[in-house]
Each structure stands twice: as structure tokens, then as C-alpha cells.
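Since every read-out is calculated from the coordinates, none of them should be taken as a lab result. In this text, all values refer to a predicted model and were calculated from it rather than measured experimentally. Heads up, the Cβs are rebuilt from the backbone with ideal geometry, glycines too, and the neighbour counts pull from every protein chain shown.
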Amino acid sequence: MDQFSAIRAFMRIVETGSLSKAAMSLEMPKSTVSKLLADLEIHLGTKLLQRSTRSVALTAEGTTYYEHVGQVMLGLQDADLSVRESSASPSGRIRIDVPSSLANTLVIPALTEFRALYPDIQLVIGISDRPVALIEEAVDCVLRVGHLPDTSLIARTIYMDRLITCASPTYLATRDRPVTPEELRQGHDIIGYFSALTGEARPLVFKQGDRVVEISDTNLLSNDSTGQRSMILSGLGIGQLFRSTVVTHLNTGALISVLDDWTDYAAPVSILYPSSKKLTARVRVFIDWLTDHLRRSHGGDQI
């Protein structure tokens, strides 16, 4: 029995919650993963997992074993990384996921800089606003905007990005420019955003001193930030977009900010990665580069 492979398969089954997802993550047949687990249980003389057609659950013995081998595997990863990183420049493949609006405006245009620094690193970039299961999908890190739910992931907050209330000149030519948030309810078309994670629409939030106003009346909703921006640029309505994604449009006059006397909602822009995995050199240099790039290119509040 290849005990190292068997332990790795066992840990991945626990982390992903199923044999199928573990097999996909390890890029091996499900039958191979199943046999590795069976061989490990025979070797130990005990059952590690209770399996059903839909899920797996650790037995008491499995829980104890997982805790011990987890520390051993982390130690092996540390040893491997120390040797590899001392003898070679970072190389290999990184899988990342980035929101569409940030990908198109801030990340992709700067990748020539990263590629020049690290030509041996291959980037596989997913572009979406959807929730990503990092371990199950073998994604190394994700960039996300907004206050994050409780999670086992490690989050590195890069900066605070402020929502700007804005519309196109075409739209404002046909409507009275709002002076107070309440006027948005009177004859204005509002373009909103809803979370792909929760399905809940994000209200437009305004603050002036101690006064807070929320506007939830929307005419159009999108769960894609680039789609929402396209609607506003097209003159379909007025909405709130993060400053870093529209600063170019504001500078060129393609969008006009309104209600500037009211403070809009601000949210953290963060990089997330699994807490259970030791960062490889290639992932670490990418996270460090992206953090530095976004802080250099963004004029918002840095953390």
C-alpha cells in the first residue's frame, strides 16, 4: 500500500465531503480513491468514514486519525517547500477566481507585469461573482468584494472600496438630477445588484451625519457586477458601483456621480485562501504581487 497516497486521499475526502469531489480534486478515478481509502482502513484495522450514497462522515477513530495526520502532512509540505524554494524560482500553475468588474478593470490589464516577474508561473483565471468552493474546485485563492460570512478561509483585506452613486449623461438628460436619496423613489429607474451567494438584493445605502437612508426599490437587478455597470453605462438607470471599477468612466464623463454630499457604503476588497493548505511559493508571490498592485492602483482606504 502507498500509505502517503492513501492518507492524502483520505484527507481530501474529508475536506471535500465526498469521494467524487476528492477524485476530481486529486485528478484520479473515483475507484482509485475508494481503493486507497479501503486499503488504509484495512491497514489500520478500523473504519475511518461512514459512507452513504450522498455523504461521508468521520467515525470517532477517523476524527482522531485526521487530526494527527493533518499535522504530519503540514510538516511534510513545509519540508518540501523549504527545499524547493531554496533551489528554484516559483513555477507551476495557479488557479484563481476574480469578480468580473475587478478582473476587467484592474487585474487583467496588469498581468503583463506579473508575467514579466514570474514567467514560469501559469495562471488559470476564473472570472465570476459566484461563491467558489476552493478545496473542492482546487482553486488556490479568490479575490472578493464585500463583508465576508463566517468562513474557514483566511482573508487578507487589501483596501476599502466605496460605492459611488452614478448614471450616464444620457439618463440624466431625461430625468431630474436627484438632490436627496428619497428622490430616487420618484420617477427614477434603479439598477441594483443581488448576491449570487444569498440571492438577496443589496440596497442603495446613504449616510449623512447620523441619518441613514436605504433605497430598495429596483427596476433591474444583476448578480454580475460587470452586467450592472453595463446597464448603467447604457442609460437604463441609476445605481451604485464600486469606485475602483468606474473611476475611468467618471474621468472620461461616461458616468456622472450624483448625491456626492451623502456617504455611500464602503466594503473590503480581500484575497481569500484555504487555512488548511500551506501556501506554495507561486501562490504566495501572486498574493503579494496582487496586494501591492491593487494598493498602488487604488486611491481608496488601505488596510
Extension gain ASN104-SER5, at 0.36 nm per residue separation less the Cα-Cα distance, in nm?
31.7 nm
Listed residue (THR157, ILE215, LEU184) projecting farthest to the positive dipole end of the chain, Cβ model
THR157
Please list, in chain and number order, the residues 5+ apart from GLY239 or on another chain whose amide H is under 5 Å from its amide H, with Hs placed from the backbone.
CYS166, ILE191
Just to be sure I understand: if I project the alpha-carbon convex hull of the chain onto a plane and average over all orientations, what area do I get in nm²?
19.3 nm²
Can you give me the distance in nm between label points at ALA254 and ALA60, each placed 7 Å from the Cα along the Cα-to-Cβ direction?
6.4 nm
At 0.36 nm per residue, minus the direct Cα-Cα distance, what do VAL213 and ARG130 gain on full extension? Give it in nm, one decimal, please.
27.1 nm
Relative to the Cα centre, what is the charge dipole magnitude of region 3-86, using +1 at the beta carbon of each Lys and Arg, -1 at the beta carbon of each Asp and Glu, and rounding to the nearest 20 debye?
440 debye
Put +1 on the Cβ of every Lys and Arg and -1 on every Asp and Glu Cβ in the chain; which of ALA254, GLY227, MET28 then has its Cα farthest towards the positive end of the dipole?
MET28
Only Cα pairs within less than 10 Å get springs; with that Gaussian network setup on the chain, which residue of VAL246, VAL72, VAL98 has the largest fluctuation?
VAL72
Pairs of lysine in the chain with Cα under 29 Å and at least 8 positions apart or on different chains: total?
13
If you place +1 on the Cβ of every Lys and Arg, -1 on the Cβ of every Asp and Glu, and leave all else neutral, what size is the dipole of the chain about its Cα centre, to the nearest 20 Debye?
540 debye
D (Stokes-Einstein, µm²/s), Kirkwood Cα radius, region 3-86, 1.306 mPa s at 10 °C
119 µm²/s
Segment ALA155-SER18, extension gain: residue separation times 0.36 nm, minus the distance between their alpha carbons
46.8 nm
Computed label-point distance, nm, for sites GLU67 and ALA38 using a 7 Å Cα→Cβ extension
3.0 nm
Determine the relative contact order of region 88-303: mean sequence separation of Cα pairs under 8 Å and six or more apart, normalised by residue count, in whole percent.
33 percent
Magnitude of the charge dipole, region 162-303, Cβ model with Lys/Arg +1 and Asp/Glu -1, debye to 20
780 debye
